[in-house]
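Q: My questions will all concern the structure given below.
The values are calculated or read from the model by the stated rules, or taken from the named source; none is laboratory data. Not measured: the values here are computed from a predicted model. Here Cβ is always computed from backbone atoms with ideal geometry, including for glycine, and neighbour counts include all displayed protein chains. Heads up: the accessible areas ignore ligands, DNA and RNA and are worked out on the full protein's heavy atoms, side chains in. Shrake-Rupley method; radii C 1.70, N 1.55, O 1.52, S 1.80 Å.
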Amino acid sequence: MLDRIREGSQSFVVKAVLVLIALTFALAGIGGYISNAPEPSVATVNGEDITRVEFDRALENERARQQQQLGDFYDTLATDPSFNQRLRNQVVNDLVNQKLVEQYARDNGLRASDEQVREAIRAIPAFNVAGQFDNDTYRITLNSLGYTPEGFAEALRKDLARSQVLEAVVNTEFALAAEAVAIQKLVNQQRSGAYRTFALDSYLAQVDVSDDEIQQWYDNNSNLFAVPESVQVEFVALDAGAIAESITIDEQMVREWYEGNRSAYESAAQYRFSHILIEGDDAAARNKAQEVVDKLSEGADFAALAGEYSDDTFSAENGGDLDFIQPGTMDPDFEEAAFALAEVGDVSGVVETSFGFHVIKLTDKQEGSVTPFAEVRDDIIADMQDERVKQAYYEQQQKVAELAFEMPDTLQPVADEVGLQVRNSDWFNRQTAPSALNHPAVLQQVFGDTLLQERLNSDLIEVNDTQSVVVRVTDYRAASIKSLDEVREQVVSNLQQEKAQQLARADAEAVIAALRAGEAVSGLTELTAIDRRNADLPRAVVQSLFEQAAPAAGAVQADVVEMNNGGLALVQLTSVSAGDVDEATQQQMQEQLENSFAQQSYEAFLSALRDQGDVEISLTSSSNN
């Protein structure tokens with residue numbers, strides 16, 4: 001029986017566990033597994049909530065992942081409110097996609113067995129020491145992440161079920177060798193032709209603009225001179241990072257915390273078992289199991305009997321060995337009998353379970369251990385400091401919010417009371433806000449009717465999980481259009497350039513007409529065997545050369561394009577040569593195509609689930625974190 005259970009784990013599921021465990025740590029929340037209390041949600045997917053606990057855990061771990069990947073550069077990004085908002089949106093959408101796939105797997109009867117979960121846990125490198133699963137490391141890691149073993153197993157079970165769905169989607173894609181060849185020929189394609197540039201300098205001297213033309217151009221393009229509404233504000237900024245600098249942790253308190261939570265750093269004893277399974281639930285199966293017990297009593301070798309009698313062929317090949325077993329991973333009746341064995345070498349009697357009849361032997365026992373204080377001291381200090389900072393920051397937020405409400409037309413008393421500084425901004429609009437205020441929730445209030453009209457203190461606005469502000473508008477300028485006098489020089493320059501381009505285009509079109517008439521044309525620079533990666537020519541020329549259709553026999557293929565400097569270029573395409581096929585990279589190209597097709601299928605699958613499902617995202621930009 002157990003060997004059949006194991007068979008399903010020997011494919012993509014176990015091979016993908018390294019990816020899945022990352023998903024579990026980054027995207028799965030434990031709150032739903034250990035508490036029945038209602039949790040605030042950030043999204044609802046087909047009637048099932050994604051809780052705030054799940055979102056906070058996912059966001060925290062995604063930040064940790066990016067910080068590890070980006071290093072010091074992440075600290076710079078983390079100060080950008082728009083980056084934080086994009087990160088929050090990414091995480092909540094990942095959670096929604098994950099929930100949709102989970103529901104699809106469940107609705108279609110896909111699940112992972114207890115044995116698959118157990119083997120997946122044992123295969124996770126984070127739980128291995130010297131290449132072997134280590135129960136101490138397993139429990140300490142789970143404890144540090146806030147997981148119980150049961151909760152983690154349930155989260156991993158869902159990941160494994162989702163992987164079955166994703167395997168079915170992505171593993172059906174393939175790419176033909178001919179497709180890879182065609183792509184290489186296209187990517188490595190070479191084109192020949194000629195080009196000629198038409199700089200605007202020589203045409204600007206020919207251009208005259210009248211007052212009427214200037215006025216008409218200004219009227220037609222007045223949107224270019226729009227001035228958005230802008231404000232000046234005063235504000236106080238709260239920063240948990242500043243609070244952290246003033247907090248110290250007493251060494252004695254650290255030691256007391258360790259002693260008071262010693263159980264968190266203790267690992268239970270580990271037990272290794274072997275078994276012989278006789279499948280069936282009738283008297284014949286029981287008698288056969290009893291026969292095994294009798295032979296063992298007579299001194300027979302357990303491993304030899306396992307190879308002869310056991311229906312669990314997978315373990316029978318290894319003398320019945322099941323490796324170390326964690327409580328909660330096997331049949332309850334099996335565990336009750338197994339963990340009742342006290343000494344290494346003890347053998348049970350006949351044990352009946354839902355799988356059949358077992359004979360169990362305790363083959364190894366490792367005593368529990370305690371992680372020394374010195375190894376966890378720094379982590380405890382960091383956790384204690386983090387908790388104190390969070391508490392102090394929360395109290396500061398409450399105090400500032402209360403004072404700002406009680407004295408709504410000024411921020412100075414608020415700042416004086418809590419030791420903060422009132423800062424005054426220059427004029428800014430929605431696109432030029434100072435970094436401390438450049439957040440959707442802040443700008444929404446600053447440019448909202450209430451603050452603009454009443455000039456009162458805002459509510460406390462949380463920018464991210466460690467920063468918040470209270471702001472008051474002190475002055476306001478409505479949106480406007482710059483007058484023609486203010487922008488006349490710019491209007492004249494733009495109008496002159498447009499007229500110069502018209503003259504240049506006319507000359508370029510005349511050259512094309514001459515080419516099509518078979519006339520000799522001078523001034524063209526020849527282009528021979530140009531590839532897409534050419535960096536010596538103006539980019540607009542290369543792009544035009546590869547955008548044009550191959551010329552028909554006897555026809556002239558040419559186009560006029562604008563370059564980055566405003567000048568124009570005539571680009572003629574004369575021939576197209578298929579690119580070379582590099583046999584050394586052919587297999588790699590085919591694999592890249594397959595990956596691309598698989599990604600497209602996966603995205604289409606998720607899109608279909610979203611279209612068919614009922615998804616409501618309630619996460620707001622002003623929410624904490």
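Q: Looking at (1) open to solvent by 70 Å² or more (accessible area, probe 1.4 Å); (2) more than 30 Å from residue 93 (Cα to Cα), which one does residue 600 not meet, given that it meets all the others?
A: Result: residue 600 fails condition (2) only.
Q: Check 521, 492 and return the single one that is touching a residue at least 60 places away in the same chain (Cβ under 8 Å) and among the β-branched types (Val, Ile, Thr).
A: 492
Q: Also: With the structure loaded, tell me whether residue 389 is on the phi < 0 side of the Ramachandran plot, open to solvent by less than 60 Å² (accessible area, probe 1.4 Å) and not in a helix (DSSP H, G or I) or whether it fails that test.
A: no
Yes or no, residue by residue, for (1) farther than 28 Å from residue 76 by Cα; (2) without any contact (Cβ under 8 Å) to a residue 24 or more places away in the chain; (3) among the β-branched types (Val, Ile, Thr):
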residue: 428; (1), (2), (3): no, no, no
residue: 431; (1), (2), (3): no, no, no
residue: 443; (1), (2), (3): no, yes, no
residue: 452; (1), (2), (3): yes, no, no
residue: 461; (1), (2), (3): no, no, yes
residue: 466; (1), (2), (3): no, no, yes
residue: 483; (1), (2), (3): yes, yes, no
residue: 497; (1), (2), (3): yes, no, no
residue: 506; (1), (2), (3): yes, yes, no
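Q: Answer with yes or no whether residue 431 is at pLDDT below 95, out of contact with any helix residue (DSSP H, G or I) (no Cβ under 9 Å at 6 or more places or on another chain) and assigned to a helix (DSSP H, G or I).
A: On the way: at pLDDT below 95: yes; out of contact with any helix residue (DSSP H, G or I) (no Cβ under 9 Å at 6 or more places or on another chain): yes; assigned to a helix (DSSP H, G or I): no.
Against the criterion (at pLDDT below 95, out of contact with any helix residue (DSSP H, G or I) (no Cβ under 9 Å at 6 or more places or on another chain) and assigned to a helix (DSSP H, G or I)), residue 431 does not qualify.
Q: Those residues that are open to solvent by less than 80 Å² (accessible area, probe 1.4 Å) and part of a helix (DSSP H, G or I), I need them from the stretch 252-268; list them, please.
A: Matches in the stretch 252-268: 253, 254, 258, 260, 264, 265.
Q: OK, next. With the checklist (1) open to solvent by less than 20 Å² (accessible area, probe 1.4 Å); (2) closer than 30 Å to residue 80 by Cα in hand, flag the one item residue 462 doesn't pass.
A: The number of the failed condition is (1).
Q: Continuing with the same structure: With the condition being within 23 Å of the chain's Cα centre (by Cα), buried (at least 18 other Cβ atoms within 10 Å of the Cβ) and at pLDDT 85 or above, I'd like the helices (runs of 4 or more DSSP H) fully within the stretch 91-175 carrying at least 1 qualifying residues.
A: Output list reads 114-123, 149-170.
Q: Would you pick out the residues in the stretch 357-386 that are farther than 30 Å from residue 332 by Cα, open to solvent by 60 Å² or more (accessible area, probe 1.4 Å) and touching a residue at least 12 places away in the same chain (Cβ under 8 Å)?
A: 377, 379
Q: Here is a follow-up. Please go through (1) under 30 Å from residue 532 (Cα atoms); (2) of a type in the set (Gly, Ala, Ser); (3) touching a residue at least 24 places away in the same chain (Cβ under 8 Å) for residue 126 and return the number of the only condition it doesn't satisfy.
A: Against the list (1) under 30 Å from residue 532 (Cα atoms); (2) of a type in the set (Gly, Ala, Ser); (3) touching a residue at least 24 places away in the same chain (Cβ under 8 Å), residue 126 comes up short only on (1).
Q: How many of the residues in the stretch 176-195 are open to solvent by 60 Å² or more (accessible area, probe 1.4 Å), outside any helix (DSSP H, G or I) and closer than 19 Å to residue 549 by Cα?
A: Of the residues in that region, 1 qualify.
The rows are residues; the columns are (1) of a type in the set (A, V, I, L, M); (2) open to solvent by 70 Å² or more (accessible area, probe 1.4 Å).
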position	(1), (2)
471	yes, no
481	yes, yes
486	no, yes
490	no, yes
496	no, no
503	yes, no
508	yes, no
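Q: Further question on the same structure: For a quick check of your reading of the model, give me the residue pairs whose first member lies in the stretch 203-230 and is within 21 Å of residue 431 (Cα to Cα), whose second is part of a helix (DSSP H, G or I), with beta-carbon atoms closer than 7 Å and at least 6 apart or on different chains.
A: Partner pairs satisfying both residue conditions: 225/487.
Q: What residue, among those in the stretch 68-87 that are over 23 Å from residue 237 (Cβ atoms) and among the polar types (S, T, N, Q), is least open to solvent (accessible area, probe 1.4 Å)?
A: Checked the stretch 68-87; the qualifying residue least open to solvent (accessible area, probe 1.4 Å) is 69.
Q: If we scan the stretch 397-409, do we find a residue that is open to solvent by 80 Å² or more (accessible area, probe 1.4 Å), in contact with a strand residue (DSSP E or B) (Cβ under 9 Å, 6 or more places away or on another chain) and in a loop (DSSP other than H, G, I, E, B)?
A: Yes, the stretch 397-409 contains a residue that is open to solvent by 80 Å² or more (accessible area, probe 1.4 Å), in contact with a strand residue (DSSP E or B) (Cβ under 9 Å, 6 or more places away or on another chain) and in a loop (DSSP other than H, G, I, E, B).
Q: Could you grab the pairs with beta carbons closer than 9 Å, sequence gap of 6+ or different chains, first residue in the stretch 301-319 and in a helix (DSSP H, G or I) and modelled with pLDDT under 90, second one aromatic (Phe, Trp, Tyr) and surrounded by 17 or more Cβ atoms within 10 Å (Cβ to Cβ)?
A: 316/309
Q: Is there a residue being among the hydrophobic types (A, V, I, L, M, F, W, C) and in contact with a His (Cβ under 9 Å, 6 or more places away or on another chain) anywhere in the stretch 339-357?
A: There is at least one residue in the stretch 339-357 that is among the hydrophobic types (A, V, I, L, M, F, W, C) and in contact with a His (Cβ under 9 Å, 6 or more places away or on another chain).
Q: Looking at residue 246, is it open to solvent by 50 Å² or more (accessible area, probe 1.4 Å), at pLDDT below 90 and not in a helix (DSSP H, G or I)? Can you show your working first?
A: Details: open to solvent by 50 Å² or more (accessible area, probe 1.4 Å): yes; at pLDDT below 90: yes; not in a helix (DSSP H, G or I): yes.
Judged against the criteria, residue 246 is a match.
Q: If a residue must be buried (at least 17 other Cβ atoms within 10 Å of the Cβ) and not in a helix (DSSP H, G or I), how many such residues does the stretch 535-547 contain?
A: 1
Q: Output the residue which, of all residues in the stretch 269-294 that are over 16 Å from residue 351 (Cβ atoms) and in contact with an Asp or Glu (Cβ under 9 Å, 6 or more places away or on another chain), is most open to solvent (accessible area, probe 1.4 Å).
A: Once the filter is applied, the top-ranked residue is 272.
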